[in-house]
Amino acid sequence: MKIYLASGNLNKKREMSEIFPEHTIVVPKDEGIDFDPDETGTTFYENSIIKAKALYDIVGCPVLADDSGICVDVLGGAPGIYSSRYAGPDFMQGRPDGKKIPQEEQNRLLIEQMNRALEICPEPEKSSAKGLFPNGPRSARYVCAMVFYRGPSQIYVCQDTMEGTIIERVEDQRGENGFGYDPLFFLPQYGKTSAEISPEEKNAISHRGKAARAIKKLVDSLSD
C-alpha cells in the first residue's frame, strides 16, 4: 500500500519505512507537494488529525500522521505540543514571528529552564514518591499521537510514550543517531541518551515506534 506521511521530516520517513517495510512511505515533497498546515490543536491527537486531514484532502490516499513532543514534569508537561516551536521560558509556545530557533539552542534553553524550576520546586523527591515525577525529579517523556486516515469515516488513532529523564548539563549531551531533543533525553534502562542507542533499539521502545506498531496492525489487517 502507498501511504503518505504528513511530514517533511526525513528522519520520520526513515523510521516509518523501517516499521512499515511492506508499504511504500511517501512524504509530500517526494511528489512536489507544498504541505505546511497550521497546527492549531491543543493536544497531540488534535494536531495529528489536522495534518492527516489536510494531506488527505490533497492526495485522496491513505495518510499516516503523527504529532509528538517532549513533556517535562517539573515544567507542567511543557513544552509538549509546542516542542518544535519552543524558544525558552519567554516563548514557551514559540516566537511571535513564527521563526524557529536552532535545535541546539532549544536544548540549552530547556535544560536551563528545567534546572531553574527544580531550584524552586518544593522537595521534588517527595513529589516523586507521590507519582508527580514518576522517573524522579528530572522526569520527562516523549509522547506521540499517531493517526492512520482513510477519509473522514475511517480514522485510526494510537498514542504512546517513551519514559526517561533530562540530563543536568548541556555539556552532557551525547549521541549522533537521534534528532530533536534526543541528545538530552536519558534512558536509565540503557544508561544512554536516546541519540546514543541504535535506530533498531529506538524503534523498539520509542513513543513513535510503539504507536506506529499499534497502527501497523490495523493497516496490515486492512490490507488483507
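The values are calculated or read from the model by the stated rules, or taken from the named source; none is laboratory data. Keep in mind it's a predicted model, so treat the numbers as computed, not measured. Quick reminder, even Gly has a Cβ in these numbers, built from the backbone with ideal geometry, and neighbours come from all protein chains shown. Just so you know, the surface numbers come from the protein's heavy atoms only, side chains and all, with ligands and any DNA or RNA stripped out. Shrake-Rupley method; radii C 1.70, N 1.55, O 1.52, S 1.80 Å.
Summary table
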quantity: Radius of gyration and maximum dimension Dmax of the chain, Cα, Å; calculated: 17.8, 56
quantity: Dipole in debye (nearest 20) - the chain, about Cα centre, beta carbon charges: Lys, Arg +1; Asp, Glu -1; calculated: 300 debye
quantity: By accessible area with a 1.4 Å probe, ligands and nucleic acids excluded, highest first: order of C61, C144; calculated: C61, C144
quantity: Estimated FRET transfer efficiency (I101, E171; beta-carbon r; R0 30 Å; 0.05); calculated: 0.95
quantity: Extension gain, D90 back to E200 (0.36 nm per residue minus Cα-Cα distance, nm); calculated: 35.9 nm
quantity: Rounded accessible area per residue of the stretch 141-219, 1.4 Å, Å²; calculated: 43 Å²
quantity: Solvent accessible area, Å² - K29, 1.4 Å probe, full protein context; calculated: 120 Å²
quantity: Stretch in the chain that is longest and holds no GluC sites (Glu not before Pro) that DSSP places in a loop and that have at most 13 other beta carbons within 10 Å; calculated: 23-175
quantity: Net charge, D160 excluded, C-beta distance under 11 Å - Lys, Arg +1, Asp, Glu -1; calculated: +2
quantity: Relative contact order of the stretch 158-224, pairs being alpha-carbon contacts under 8 Å that are 6 or more residues apart, as %; calculated: 32 percent
quantity: Pair A214, Y82: separation of 7 Å Cα→Cβ label points (nm); calculated: 2.7 nm
quantity: Carbon and sulfur %, accessible surface of the stretch 128-224 computed with the full protein complex present, 1.4 Å; calculated: 50 percent
quantity: Options G76, Q113, A195, ranked by Cα towards positive dipole end of the chain, top entry (Cβ charges); calculated: G76
quantity: Inter-label distance for T42 and Y190, nm, one decimal - labels placed 7 Å from Cα along Cα-to-Cβ; calculated: 3.5 nm
